[in-house]
Amino acid sequence: MRCRVLGRTGIEVSTHCLGTMMFGSFGNPDHEDGARIINAALDAGINFVDTADMYSAGECEEIVGKALKGRRDDVVLATKVHFPLGEGRNRSGNSRRWIVRAVEDSLRRLDTDWIDLYQVHRPDHTTDVEETLSVLGDLVRAGKIRAFGSSTVPAEDLVEAHHVAERRGLMRLRTEQPPYSILARGVERAVLPTAQRLGLGVLTWSPLASGFLSGAHRQGRPVDFGTGRAKRQPQRFDPELPGNAAKYAAVERLVALTEEMGCTLPELAVAFPLVHPAVTSVIIGPRTMDQLTASLKGADLLLDDAVLDRVDEIVPPGTDLYQADGVWQPPSLTTPAHRRRRTGERAAAD
């Protein structure tokens, strides 16, 4: 497995990163099977493992900790903080109060003395970015984490964090983890170029676009709304909805392309993000051993310019045909009061 340096950290990581979201009650509840899959990935040359405290409410971190027994020194281990765990106030977000508590809980569940990469899982605009950078820097100095970064953060937040760190003499974000796939190319507009300019390492998630690029969802085939993501979010997969037509049409054209290439659609999908010069590693998130094997099978797939030109014709650069699950939306879009003046102030005349 080829390795690349993660931003300017000096840490070398494999170009495939093992994502573990599907281990635990959310996906594969068998702890021993999860450990076998993790160790099979390590045996295949992957040295980069990504998890999060909220995956299966902490159970996933416990599975990862068990799997890494005796191999911890050879693994670059990443986890995340932000989402609520349990009931009550002040048990989520990017505040000093919560991060100091959450990192100790993650270290205990992972059964390790340190975390190589600690990431804020989403933006938190109720907390000053200086507060977040300050506590993360303190954790580095305390030896609890080696580096820190962000996940699914817009380009303007990356720039703000960079400038605040410079002005205040704080340690900087070293990585960003955005969703990126053939069907979700919006990050090519600003996030990936900004990451390049700031020297951030980039580990991308959802290369299979929540299964759309796995080959499981095709035009003319019935959708199983009783399981998986289609059960949780049927509006994303219902072929009768106009907004989904472009996704299904693009998949058919991509399948035709892979048939010409002599590879599978998942192999093309996983290989695609690694072409971008900003991307360090692509997160693959298997639930079963067969899914891991399928993801690794295309590791040596080389996409030439002719193939990439065809992909650009099917889904133009910077275009989002699909929005990944859980992508953060700014309050300026989700809260009407942020984009609507009070009623009496909307007209041009008094």
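Before we move on, is ILE99 closer than 23 Å to SER295 by Cα, in contact with a strand residue (DSSP E or B) (Cβ under 6 Å, 6 or more places away or on another chain) and open to solvent by less than 20 Å² (accessible area, probe 1.4 Å)? Considered against the rule, which asks whether it is closer than 23 Å to SER295 by Cα, in contact with a strand residue (DSSP E or B) (Cβ under 6 Å, 6 or more places away or on another chain) and open to solvent by less than 20 Å² (accessible area, probe 1.4 Å), ILE99 comes out as no.
Evaluated against (1) open to solvent by 30 Å² or more (accessible area, probe 1.4 Å); (2) within 23 Å of ALA102 (Cβ to Cβ); (3) touching a Gly at 6+ places or on another chain (Cβ under 7 Å), GLY19 falls short on exactly one condition, (1).
Residues of segment 296-320 that are open to solvent by less than 50 Å² (accessible area, probe 1.4 Å) and at pLDDT below 90: GLY298 alone. Here segment 273-295 is the region considered, the condition is being open to solvent by less than 40 Å² (accessible area, probe 1.4 Å), out of contact with any helix residue (DSSP H, G or I) (no Cβ under 7 Å at 6 or more places or on another chain) and not β-branched (Val, Ile, Thr), and the residue that is nearest to SER181 (Cα to Cα) is PRO273. Checking each residue of segment 322-341 against the condition of being small (Gly, Ala, Ser) and modelled with pLDDT of 95 or more gives no match. Looking across segment 192-220 at every residue that is touching a residue at least 12 places away in the same chain (Cβ under 8 Å) and on the phi > 0 side of the Ramachandran plot, the one that is surrounded by the most Cβ atoms within 10 Å (Cβ to Cβ) is identified as SER206. In the set ALA278, ALA246, ALA256, only one residue is modelled with pLDDT under 95 and either over 15 Å from LEU213 (Cβ atoms) or not in a loop (DSSP other than H, G, I, E, B) (or both); that residue is ALA246. If the condition is being modelled with pLDDT of 95 or more and in a helix (DSSP H, G or I), then segment 187-236 contributes VAL187, GLU188, VAL191, LEU192, PRO193, THR194, ALA195, GLN196, ARG197, LEU198.
Can you confirm whether ALA142 is at pLDDT 95 or above and of a type in the set (A, V, I, L, M)? Taking the combined requirement at face value, the residue satisfies it. Pick from segment 27-58 the residues that are open to solvent by less than 40 Å² (accessible area, probe 1.4 Å) and acidic (Asp, Glu): which of them is farthest from ASP105 (Cα to Cα)? Restricting to residues being open to solvent by less than 40 Å² (accessible area, probe 1.4 Å) and acidic (Asp, Glu), the top hit is ASP33. Kindly indicate whether ARG340 is under 24 Å from CYS17 (Cβ atoms), open to solvent by 30 Å² or more (accessible area, probe 1.4 Å) and among the basic types (Lys, Arg). No, not satisfied. Here is a check on your reading of the model: is LEU133 at pLDDT 95 or above, in contact with a Leu (Cβ under 6 Å, 6 or more places away or on another chain) and open to solvent by 10 Å² or more (accessible area, probe 1.4 Å)? Answer is no for this residue. Checked against the criterion of being within 14 Å of ASP105 (Cα to Cα) and either touching a strand residue (DSSP E or B) at 6+ places or on another chain (Cβ under 7 Å) or touching a residue at least 24 places away in the same chain (Cβ under 8 Å) (or both), the candidates GLU12, GLU62 yield just one match: GLU62. Is it the case, given these coordinates, that LEU110 is within 23 Å of GLY19 (Cα to Cα) and in contact with a Phe, Trp or Tyr (Cβ under 9 Å, 6 or more places away or on another chain)? So LEU110 does not fit the description; no. Here the condition is being out of contact with any Pro (no Cβ under 8 Å at 6 or more places or on another chain), in a strand (DSSP E or B) and of a type in the set (D, E, K, R); of ARG4, ARG36, it holds for ARG4 alone. No other residue among VAL223, VAL159, VAL187 is β-branched (Val, Ile, Thr), surrounded by 13 or more Cβ atoms within 10 Å (Cβ to Cβ) and within 18 Å of the chain's Cα centre (by Cα) apart from VAL187. Annotation: of all residues in segment 239-262 being open to solvent by less than 20 Å² (accessible area, probe 1.4 Å) and touching a residue at least 24 places away in the same chain (Cβ under 8 Å), the one that is nearest to ASP305 (Cα to Cα) is LEU257.
The values are calculated or read from the model by the stated rules, or taken from the named source; none is laboratory data. For clarity, every value in this text was computed on a predicted model and none was experimentally measured. Counting neighbours? That spans all protein chains shown, and the Cβs are built from the backbone with ideal geometry, glycine included. Ligands, DNA and RNA are stripped out before the accessible areas are found, and what is left, the full protein with its side chains, is counted by its heavy atoms. Shrake-Rupley method; radii C 1.70, N 1.55, O 1.52, S 1.80 Å.
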